[in-house]
Amino acid sequence: RHLHRIFSGIQPTGNLTLGNYLGAIRNWVTLQHEFECIYCVVDQHALTVGPEPSALREATRQVAAALIACGIDPQKNVLFNQSQNPDHTELAWYFNCVARMGWLNRMTQFKEKAGKNRENASTGLFVYPNLMAADILAYRATHVPVGEDQKQHLELARDIAIKFNNDWKVEDFFPVVEPQILGEATRVMSLRDGTAKMSKSDPSDMSRINLTDDADTIAKKIKKAKTDPENLPTEKAGFEGRPEAQNLVTIYAALTGTTVDQALADIGGSQFGAFKQKLADAAVAHLSPITTEMNRLLEDRAEIDRLLVKGGERARALSAPVLKDVRETLGL
Ligand code: ADP
Ligand code: NA
């Protein structure tokens, strides 16, 4: 009964990383040719970490520019920032009343982000997955392309959809959304430590490659990336206990458009020094046109703002009938 419709979001909380690009944005670009896609810069989610207002506004524009520079067409897709459409936060309130404390207590990302001082974490950080479910279901989106780190939140969105449909006896009202975890690099790890994910919110800039890093910075970061004393393995089994090697080869495969097996057939057995040079070249070849285009777009910030407002109007036109149905269903 539901149209195949794609929704995905990204937080404007800092520089976009190679992890965001390989795990999510690149797949968004591919999907736009086949499906109706709604892509959102989720600026209200960013409030969970309390950014400075002018920095948040600028980060929203930067992320929008980055998405367009990566190949997201703002005419073909609905591209906007979350705060343009209040339907998300309204639906999130209803979902706060559907989701259970126990469900949210299991979210590993909350535990990681809140750290030891849980009593001092904002309630927004705790219920953020409910807002994420609302972002998706306000459009009755059926498919959500994300990196592996978002899998648990997607399961929560499925549970919310199922419980809403059951509790109000409205069969199929919300679709049971499917995560789409696509490509070779679904979980890009930090360059400092192959066991933490590469993240724009990591305090160490050396831990990640930013989409805006210049060629020298990329080369320097890759050169300094943590490795071990062995040469690269010749097959996947050789990654056992070597997360840094696995991470760098996975990134290389994703950037050069091959599988990890094919990449190892080509570079397996080489020394890290030589391999890192190849990896840096591949990263620069891929990212430098994106950076150039992003900088060009950012010369006209007013135009980016206009595009986002237009996208917001299109988004609201899609969610308004859904919210009307929801209110009616709830007795509001
Ligand atoms: P971050 O975690 O960098 O703050 P977001 O939470 O805004 O980024 O996530 C935006 C998208 O990028 C999500 O689909 C997420 O799964 C994906 N993503 C983020 N980090 C990585 C990573 N290290 N590897 C693969 N995908 C990632
Ligand atoms: Na994330």
Problem set entry | Phi-based couplings in Hz for the stretch 273-281 (Karplus 6.51, -1.76, 1.60; Gly and Pro marked x) | x, 5, 5, 4, 5, 4, 5, 4, 4
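May I have the convex hull volume per residue, in Å³, for the Cα set of the stretch 1-114?
Numbers: hull volume 16.1 nm³, N = 114.
Convex hull of Cα atoms, per residue: 141 Å³.
Treat the chain as a sphere of radius equal to its Kirkwood radius over Cα pairs and apply Stokes-Einstein at 20 °C in a medium of 1.002 mPa s; give the translational diffusion coefficient in µm²/s, rounded to a whole number.
Details: Rh = 20.8 Å.
Calculated translational D: 103 µm²/s.
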For this session: Evaluate E = 1/(1 + (r/R0)^6) for N120 and D73, where r is the Cβ-Cβ distance and R0 equals 56 Å; express this FRET efficiency to the nearest 0.05.
Result: 0.85
Exercise. Per residue of the chain, what 222 nm ellipticity follows from adding -39500 (n - 2.57) for every DSSP H run with n ≥ 4, rounded to the nearest 500?
Worked result: -16500 deg cm²/dmol
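What number in nm² do you get for the stretch 190-332 if you take the convex hull of its Cα atoms and divide its surface by four?
Numbers: hull surface 52.9 nm².
Taking the Cα atoms of the stretch 190-332, their convex hull projects to 13.2 nm² on average.
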For this session: List every residue whose amide H lies under 5 Å from the amide H of T234, counting only residues 5 or more places away in sequence or on a different chain, with H placed 1.01 Å from N in the peptide plane.
Result: G269
For this session: Just tell me which lysines come within less than 25 Å, Cα to Cα, of K200; anything on the same chain fewer than 8 places away is out.
Result: K111, K113, K116, K151, K220, K221, K223, K224, K226, K276, K278
For this session: Please report T227, T195, T258 as a ranked list, fewest other C-beta atoms within 10 angstrom at the top and most at the bottom.
Result: T195, T258, T227
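Take each of the peptides 205-213, 282-290, 300-308, 59-67, average the number of other beta-carbon atoms within 10 Å over its residues, and list them starting from the highest.
Working: 205-213: 20.3, 282-290: 17.4, 300-308: 14.4, 59-67: 23.9.
In decreasing order of mean packing, 205-213, 282-290, 300-308, 59-67 become 59-67, 205-213, 282-290, 300-308.
FYI, it's all coordinate maths here, none of it is from the lab. Computed from a prediction, not measured in an experiment: that's the story for all the values here. Cβ sites come from the backbone with ideal geometry, for glycine too, and all protein chains shown count toward neighbours.
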